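**Student:** Below is one structure. I have some questions about it.
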């Protein structure tokens, strides 16, 4: 199959999506690679950059022209047209051509298009119905252009456009083979990060017959970088694999893992260095993949791996930096140190790796660019133990144990910003998900906010602290303040996937879906196999009422994290919205049920006519979560058709500042209430504008 990035870029107005889909499907059936964005969620810096790369990399730019493209309003397709036309000024010989097609009765002379479009022959395909002759013409054009370039051509190598010119033809007499020329870039650009792939490339298909076509006609699931055929990772990109515990004591695993993670964090603070986040790097622990295979899946140019051997007083660390493209070693070193020197050792490794990759540190000092750390080895050790507990499935027991460890770390070093951040994050988890008492929830919330503010005060450049503050303020329904904190988090820590994922969820809950998707794309670039990030994408699609896509991406999340309750709950609610209540029940009926799953089950049972089971599920939820369940009560009663009780619960949730109320603007489950004056009064009071 022809492929250079995507051989054909299809540009269309949103109203012409159906016709564009016909063109796309016909060309793909003919063996032509086509870039065709079927998403209604466009925009954002990351998305714009991807569009620019695809237009530059394609052989053929195909604008779909119709009455829908004649409005004076500047639709997104016009930005794509301008990008293509701007490339006509490039003088490079490696070229791409523009081939306009018209899908309705608009006259060529009346069409509002760039003048460059008029320099080549147009094709009329009513309704987007591709003829065999047109498909053959495109194949010939692409074959002629590809054949003109040597197989090993560099991006700036010459291409002879004569054959392509003959196929395209000149529009006006006297213009001998006048072509609209666009300089493409190397095929390797697709490795730069996130790309939309065909839905079936993810091996995740909704089981609902009606859902599959919907998923196939919109934006498909998000790809992990490097999953495409050409491996061309970004320059200065790195994955830190979990160092092997060589101590002969499984109880020391927390130390080797924790040291690896802290080293990863230090490197992520290095200017110009793109470091894959922990969840993705650590997902390969205990697996047999080679360094090359791991690098390809994570789309990185280098991999740092090593081992740790520790006793009470000493530590030996061996580290090796490998070039993923060649397999050769870039740098290696073995360190023997006293335990009290372990923090300096962390800095030494980070500095050496940075030097090997020829990257300058953002800041100098003993912490090697790490932000929010400690100089106290004992505090560091306790902090690593807390982090280890946090990675277990959260419960009241694990939360309590981890908070106790963070308490100890803070007692050992009262200036340890990351310990405050960790403790504050756990207290928010407890407030939002694990307490049935409204008074205790409020107390934990106040303690949480104090902790994360303290972390930001101690380490002003710690972006994750501001993201945590944003999450807390959003839960308190202070949306403008929360938005500012999320933006600050990204600005301070642009290499931290947590800042983008937190921002994406907030943007989705306030109805800014296109921006949420763009932030999620960046999060996935930095942490490409993190199930929580994919669950955020699924959640965004669900709130945007793109239910089939929500199911597809939920499945992707569950491939990486089978016990992710956020993903199973979202999947189940999306199935309910599509009318497949049995699929919803199956998705949410999991052994270790979280509140997301329980909500889904209460609704699915009710819609299946299993009222006793629906009521029993609801009663168990109320028993477990008590007053903290007010917002979920609103959702359940609204879907059960009990509007008065739903409104009572919503007013109670608003009065007690239940964090769930932040969803009022977009929650599909509340649609039965939207015309009610009591609902509208609360929506007006919330004033969700960011």
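**Student:** Grab the helices (runs of 4 or more DSSP H) fully contained in region 425-528, keeping just those with 1 or more residues being at pLDDT 90 or above and more than 23 Å from the chain's Cα centre (by Cα). Steps first, answer last, please.
**Tutor:** Values: elements: 438-458, 463-475, 479-492, 497-509, 513-526.
By residue number, 438-458, 479-492.
**Student:** I want to confirm something. Restricting to region 557-575 and keeping residues that are assigned to a helix (DSSP H, G or I) and surrounded by fewer than 24 Cβ atoms within 10 Å (Cβ to Cβ), which single residue is farthest from the chain's Cα centre (by Cα)? Give the steps one after another, and end with the answer.
**Tutor:** Taking region 557-575 first, the residues assigned to a helix (DSSP H, G or I) are 557-560, 565-575.
Checking which are surrounded by fewer than 24 Cβ atoms within 10 Å (Cβ to Cβ) leaves us with 558-560, 565-566.
Working: 558: 15, 559: 15, 560: 14, 565: 18, 566: 15 Å.
Going through the qualifying residues, I end up with 565.
**Student:** Next up: Can you tell which of 138, 130 is in contact with a strand residue (DSSP E or B) (Cβ under 7 Å, 6 or more places away or on another chain) and either within 14 Å of residue 65 (Cα to Cα) or modelled with pLDDT of 70 or more (or both)?
**Tutor:** Working: 130 fails: in contact with a strand residue (DSSP E or B) (Cβ under 7 Å, 6 or more places away or on another chain).
Matching residue, one of 138, 130: 138.
The values are calculated or read from the model by the stated rules, or taken from the named source; none is laboratory data. In this text the structure is predicted, and so the values were computed from the model without any measurement. With ideal geometry, Cβ positions are generated from the backbone for all residues, glycine too; neighbour counts draw on all protein chains shown.
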